[in-house]
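Enquirer: Take this structure, written in structure tokens, and hold onto it; I'll ask about it next.
The values are calculated or read from the model by the stated rules, or taken from the named source; none is laboratory data. All of these numbers come straight from a predicted model, not from anything done at the bench. Every residue, glycine as well, gets a Cβ built from its backbone with ideal geometry; the counts of neighbours run over all protein chains shown.
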Amino acid sequence: MLRQICRRGRLSGITQDHIHSNTLFGDALKILFPDAISDPTPSQYGDTEMAWHNSKGVRLAPEIYDEILKLVNSESQTLFFRHYHNLPHPPDALVLPPLATSIRKIEHNGWEYTAFSSHPGNSSISYHCSNGDIDTGFIASIWSQVLQGTKRIFIVVLPHTFLSAHDLVHSPYSSRTGLLGTVVYSRPTQARSQILIQQNQIRGHIAFYDRPPGTFGIKVGVRVLIDSLHRNRNS
């Protein structure tokens, strides 16, 4: 049974990687797995639809709003969104809406992701940071806005808390990198601010289990992370 599960997992990964390729192999996968086809081109919204979609949302927390504003303004040298508080706005100004729609779940590369409050396991992820590093954490919330006619998804992540240098030497995974394991604190001992990522930064789910104080000789509770579910795929 375990072999069959692994075979199906590998087949699913190959399908997601190649189904959109413009090759005979990609065409064959589209016939064999029609449910795996997703439109890579985002739907476009008119001005009325855009206003209606955004008006259904709830007011974002100031820190999340500021992160979204910083992100969207970093993506273009020609478009600049103004903070909605910066009144008065000049004619035809782009103003980032203060409202966004909370999303319960999203699908990425054939897998479902949710906020921690909905399903802790589906919220546990590894992801690519903007500087190229890979980090891990729980999805705290998922938000949707329509900007410039395109639906955007923004994901708020609470990163895990790293072990101190004193506790890190007790981790059995530090010298066994091939196991793809990491030990972090299960309760924050230092502040790590929540961060904002986009869907294409998600690398995959990450398995975790919490262990009590005293595990590995560490005095406080820890969380063991096993980052192998992505099967070494890039996204």
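Enquirer: From Ser117, Ser144, Ser175, Ser123, which residue is touching a strand residue (DSSP E or B) at 6+ places or on another chain (Cβ under 8 Å), assigned by TED's automatic domain parsing to the domain that holds Val220, of a type in the set (S, T, N, Q) and under 30 Å from Val224 (Cα atoms)?
Expert: Working: Ser117 fails: touching a strand residue (DSSP E or B) at 6+ places or on another chain (Cβ under 8 Å); Ser144 fails: under 30 Å from Val224 (Cα atoms); Ser175 fails: touching a strand residue (DSSP E or B) at 6+ places or on another chain (Cβ under 8 Å).
Selected residue: Ser123, the only one of Ser117, Ser144, Ser175, Ser123 that is touching a strand residue (DSSP E or B) at 6+ places or on another chain (Cβ under 8 Å), assigned by TED's automatic domain parsing to the domain that holds Val220, of a type in the set (S, T, N, Q) and under 30 Å from Val224 (Cα atoms).
Enquirer: What is the one condition in (1) under 25 Å from the mean Cα position of the chain (by Cα); (2) over 22 Å from Pro120 (Cβ atoms); (3) at pLDDT 90 or above that Ala165 does not satisfy?
Expert: (1)
Enquirer: Hey, another quick one. In the stretch 194-231, which residue that is closer than 16 Å to His128 by Cα and of a type in the set (S, T, N, Q) is surrounded by the most Cβ atoms within 10 Å (Cβ to Cβ)?
Expert: Gln201
Enquirer: Do you know which residues across the stretch 95-154 are among the polar types (S, T, N, Q) and closer than 19 Å to Ser74 by Cα?
Expert: Step one: of the stretch 95-154, the residues among the polar types (S, T, N, Q) are 101-102, 109, 114, 117-118, 122-124, 126, 130-131, 136, 141, 144-145, 148, 150.
Passing the criteria: Ser130, Asn131, Ser144, Gln145, Gln148, Thr150.
Enquirer: Need the failing condition index for Val184 against (1) surrounded by 15 or more Cβ atoms within 10 Å (Cβ to Cβ); (2) more than 15 Å from the chain's Cα centre (by Cα); (3) within 30 Å of Glu49 (Cα to Cα), just the number.
Expert: The number of the failed condition is (3).
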